[in-house]
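Derivation of every value follows stated rules applied to the coordinates shown; laboratory data play no part. Just so it is clear, the structure is predicted and the values come from calculations on it, not from any experiment.
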Amino acid sequence: MPATHGGAVKNWTGTTIQQQALTVGCRYCHALVGEVCMDKAHSKPLEAFPAHEVRIRDARKGSDE
Ligand SMILES: [Zn+2]
């Protein structure tokens, strides 16, 4: 049965895609390694995505080498 928490916000904490993204810094919002991306418009951690797209791409690129 589905468990709803009364909110549409997805919690990305601990997901594989976020863990991978955190291994590199973010060129978009300048989050450091190990820090989550910030939503610059709202001055809070990014919620809609595990990390900015460019950061996810950078992290994947790094893991290939
Ligand atoms: Zn970012």
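Below are the figures for this structure:
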read-out: Relative contact order for segment 23-65, counting Cα pairs under 8 Å that sit 6 or more residues apart, in percent; value: 34 percent
read-out: Anisotropy class of segment 16-64 from Cα gyration tensor, a/c 1.5 cut; value: prolate
